[in-house]
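The values are calculated or read from the model by the stated rules, or taken from the named source; none is laboratory data. Being a predicted model, the structure only gives us computed values, none of them experimental. Cβ placement follows ideal geometry from the backbone for every residue including glycine, while neighbour counts extend to all protein chains displayed. Side chains are part of the model used for accessible areas, which takes the heavy atoms of the whole protein and leaves out ligands, DNA and RNA. Shrake-Rupley method; radii C 1.70, N 1.55, O 1.52, S 1.80 Å.
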Amino acid sequence: GIQLSNNQNSLYTNLYLSYEPQQEDVISGEQMATLDTTPAFGPVFVTNHYNGEPEVLVQDVNDKIYLFNKNGKEIWNRKIEGQIKSRIHQVDAFKNRKIQFLFNTEDHIYLVDRKGNDVEGFPIKLKAKALTPVCVANYDNKRNYRLVITCANNRIYNYRINGKATSGWKHNKSSDPTTKGFHHFSVGGKDFYVTAESNGKVHLLDRRGKNRVRVNS
């Protein structure tokens, strides 16, 4: 570092040098995120809704999930029931620009806030073990979320973001297991849920769970 300054007719120079021969071997402790045991899911980057910075969510083999900041400092950890089986969906359940994490295990759908607490109405206990990862539909991009998932009883369930079953959803029991994860999209103002049964039959469902388009082959 070099500093130059003047005082009337005089010029002053300060020079500072520093040398660390072991610099390449030094690792900051703030960059060492530590789990209790072996990781099983993740790491997944999520967003801190207060400052927009990235954070990291990970789960270990003992079903404990952790949230770390970008420097590896642990923000919180907690144990859940089972391993995460879906992607981590970041949703704004209360439409206030605060982010929650939504995902499912074999037996539950979780909605966890940034402090690691369950949002009221969650976790949802599934009627049978999940066959597909939970699909999060954002109707009209207005944060009107629907959570769609297929269980081992060959039924497709649709929940609202408050954890309650969606009224008006009337999908019949499938003859074969629906094994492909759902994809939601809109065309011309109409919503489609696309999935497939284990026998290869493809479904394009509307908001009520009825076939909007029949696929013959």
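If you scan the stretch 35-74, which residues turn out to be over 15 Å from the mean Cα position of the chain (by Cα), closer than 23 Å to K98 by Cα and hydroxyl-bearing (S, T, Y)?
The answer is Y50, and nothing else.
For N71, state whether it is in contact with a helix residue (DSSP H, G or I) (Cβ under 8 Å, 6 or more places away or on another chain) and either over 30 Å from E197 (Cα atoms) or not β-branched (V, I, T) (or both). Outline the logic, then answer.
Numbers: in contact with a helix residue (DSSP H, G or I) (Cβ under 8 Å, 6 or more places away or on another chain): yes; either over 30 Å from E197 (Cα atoms) or not β-branched (V, I, T) (or both): yes.
Here the answer is yes, as N71 does meet what is asked.
Could you grab me the full set of residues in the stretch 197-209 that are open to solvent by less than 30 Å² (accessible area, probe 1.4 Å) and assigned to a loop (DSSP other than H, G, I, E, B)? Even if it seems obvious, please write down each step before you answer.
Applying the first criterion (open to solvent by less than 30 Å² (accessible area, probe 1.4 Å)) to the stretch 197-209 yields 197, 203, 205-206, 209.
Matches in the stretch 197-209: D206, G209.
Among the residues of the stretch 147-188, count how many are of a type in the set (K, R) and without any contact (Cβ under 8 Å) to a residue 24 or more places away in the chain. Can you show your working first?
Step one: list which residues in the stretch 147-188 are of a type in the set (K, R), which gives 155, 160, 164, 170, 173, 180.
Of the ones still in play, those that are also without any contact (Cβ under 8 Å) to a residue 24 or more places away in the chain are 160, 173.
Of the residues in that region, 2 qualify.
Tell me yes or no: at least one residue of the stretch 75-82 is under 20 Å from L147 (Cα atoms), under 14 Å from the mean Cα position of the chain (by Cα) and open to solvent by 10 Å² or more (accessible area, probe 1.4 Å). Break it down into steps so the answer makes sense when it comes.
Initial filter on the stretch 75-82 (under 20 Å from L147 (Cα atoms)): 80-82.
This time we only want the ones that are under 14 Å from the mean Cα position of the chain (by Cα), so: none.
No, the stretch 75-82 contains no residue that is under 20 Å from L147 (Cα atoms), under 14 Å from the mean Cα position of the chain (by Cα) and open to solvent by 10 Å² or more (accessible area, probe 1.4 Å).
Kindly indicate whether V56 is β-branched (V, I, T), over 26 Å from L126 (Cα atoms) and open to solvent by less than 40 Å² (accessible area, probe 1.4 Å).
Considered against the rule, which asks whether it is β-branched (V, I, T), over 26 Å from L126 (Cα atoms) and open to solvent by less than 40 Å² (accessible area, probe 1.4 Å), V56 comes out as yes.
Out of the residues in the stretch 162-187 meeting the condition of being within 25 Å of the chain's Cα centre (by Cα) and among the hydrophobic types (A, V, I, L, M, F, W, C), tell me which one is modelled with the highest pLDDT.
A165
Determine if the stretch 67-88 includes at least one residue that is of a type in the set (F, W, Y) and assigned to a loop (DSSP other than H, G, I, E, B).
Restricting attention to the stretch 67-88, the residues satisfying the condition of being of a type in the set (F, W, Y) are 68, 76.
Of the ones still in play, those that are also assigned to a loop (DSSP other than H, G, I, E, B) are none.
No: zero hits.
Of all the strands (runs of 3 or more DSSP E) wholly in the stretch 91-196, which have at least 1 residues that are open to solvent by 30 Å² or more (accessible area, probe 1.4 Å)?
On the way: elements: 100-104, 108-112, 135-139, 144-150, 156-160, 183-187, 190-196.
The qualifying strands (runs of 3 or more DSSP E) are 135-139, 144-150, 156-160, 183-187, 190-196.
Starting from the stretch 189-217, keep only residues that are polar (S, T, N, Q), then list their pairs with residues that are in a loop (DSSP other than H, G, I, E, B) and open to solvent by less than 40 Å² (accessible area, probe 1.4 Å) whose Cβ atoms are within a distance under 9 Å, requiring at least 6 positions of separation or different chains.
As it stands, the answer is T195/T132; T195/G181; T195/F182, since those pairs meet every condition given.
Taking the condition of being over 13 Å from Y193 (Cα atoms) and either hydroxyl-bearing (S, T, Y) or touching a strand residue (DSSP E or B) at 6+ places or on another chain (Cβ under 7 Å) (or both), how many residues in the stretch 155-180 meet it?
So the first thing to find is which residues in the stretch 155-180 are over 13 Å from Y193 (Cα atoms), and the list is 155, 159-168, 170, 172-177, 179.
Those left that are additionally either hydroxyl-bearing (S, T, Y) or touching a strand residue (DSSP E or B) at 6+ places or on another chain (Cβ under 7 Å) (or both): 159-161, 163, 165-167, 174-177, 179.
Of the residues in that region, 12 qualify.
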